[in-house]
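Asker: Below: one structure in structure tokens.
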Amino acid sequence: MPLCECCGGGVGTETKTNSCSCKDACTNFSNHVLIALIVLVIVVTTVTLAIVLSPTHIAPNTSPNIVIIIADDLGYNDLGYYNEEHNNGQIRTPYIDKLAKESVQLRRHYAQSMCSPTRAALMTGRYPFRYGMGGTRAIYSGSKNGLSLQETLLPQLLKKNDYDTYLIGKWHLGFADWAMTPLRRGFNYFLGTYGGSTTYFTHESYYANTVAHDLFEDSFTDEDNKTKIVHKVITDNATFSELIFTDKAVEIINNSSQDITRPFFLVMSYMNPMPDNTNGEGSATKPPHR
């Protein structure tokens, strides 16, 4: 009886109807091959997913980390690298000088003349007079005014793009209502002063014959950073406030560097070199050397 070739390389016998006797065997063999291929694909996919999800194979986020440092009431000629050219080097700022020499210097990038308008322009990217904060209109302690809630701020946009957002130091954009405060304006974390000026050690604000404590820490306790806020009063009266701010900023940067999947946005808003608020006397508290 003539022979015929079977699936998988076997040999069968050909019948009178010219059909191969191993037809059923071929069908079964094909089914087994198909099942084996499906299992192989599942195994390979599972292994691939395991590799991708493994902590040692997490793809780093390519978005840049952003740090903005703000100095309060600093004159353009009060910096060492600029002062050397114009005032015989009477003021020395070696660390800022080093940053300046390694960076792009914007010599014609002007700021507003007061605290609140400058911060408003930075946070909104728009001229302050467009939303009622132009000129010399700073927000004083006890004021019901604040940066318009209709304005979209930079931290809100970055937060939508998976940034962790932090504000350390001076806010000064309104706090008459919780909706005006940093965590309701796009920041995940805040450590600093709500108002414009406080004493550097006792962290008190003097205005209209009243004294109020102004050093707080606000943070979210829920994972989505949207609803549950913890408001904490910082009562450290022995530490220079700018050192408190700097230490926290360093901690944030060190912790964030360990999470390569999420970029961070950090605003370091110092009160220096503005004199501290000492009941109108205007005498600055001398900071410790560091």
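Asker: Are any residues in the stretch 58-96 under 29 Å from the mean Cα position of the chain (by Cα) and at pLDDT below 75, and if so, which ones?
Answerer: Within the stretch 58-96, Ile58, Ala59, Pro60, Asn61 meet the criteria.
Asker: Scan the stretch 227-256 residue by residue and report those that are in a loop (DSSP other than H, G, I, E, B) and open to solvent by less than 80 Å² (accessible area, probe 1.4 Å).
Answerer: Hits for the stretch 227-256 are Ile234, Asp236, Thr239, Phe240.
Asker: Do you know which residues across the stretch 164-175 are outside any strand (DSSP E or B) and either at positive phi or in contact with a Lys or Arg (Cβ under 7 Å, 6 or more places away or on another chain) (or both)?
Answerer: Initial filter on the stretch 164-175 (outside any strand (DSSP E or B)): 171-175.
His172, Leu173, Gly174, listed by residue number.
Asker: Another one. For Ala284, work out the one condition from (1) out of contact with any Pro (no Cβ under 8 Å at 6 or more places or on another chain); (2) modelled with pLDDT under 75 it doesn't fulfil.
Answerer: (1)
Asker: Still on this structure, I have one more. How many residues are free of Cβ contacts under 8 Å to residues at least 12 places away in the same chain and not in a helix (DSSP H, G or I) if we restrict to the stretch 107-155?
Answerer: 6
Asker: So, in the stretch 176-200, of the ones that are of a type in the set (D, E, K, R) and part of a loop (DSSP other than H, G, I, E, B), which residue ends up least open to solvent (accessible area, probe 1.4 Å)?
Answerer: That would be Arg185.
Asker: Could you tell me whether Ser205 is touching a residue at least 60 places away in the same chain (Cβ under 8 Å) and assigned to a loop (DSSP other than H, G, I, E, B)?
Answerer: no
Asker: Scan the stretch 159-171 residue by residue and report those that are open to solvent by 10 Å² or more (accessible area, probe 1.4 Å) and under 16 Å from Arg119 (Cβ atoms).
Answerer: Correct list: Tyr166 only.
Asker: Before we move on, is Glu204 touching a Leu at 6+ places or on another chain (Cβ under 6 Å) and among the charged types (D, E, K, R)?
Answerer: No, not satisfied.
The values are calculated or read from the model by the stated rules, or taken from the named source; none is laboratory data. Predicted model, so just to flag it, every value in this text is computed and none were measured. Backbone-built Cβ (ideal geometry, glycine too); neighbour counts: all protein chains shown. Only protein heavy atoms, including side chains, enter the accessible area calculation; ligands, DNA and RNA are left aside. Shrake-Rupley method; radii C 1.70, N 1.55, O 1.52, S 1.80 Å.
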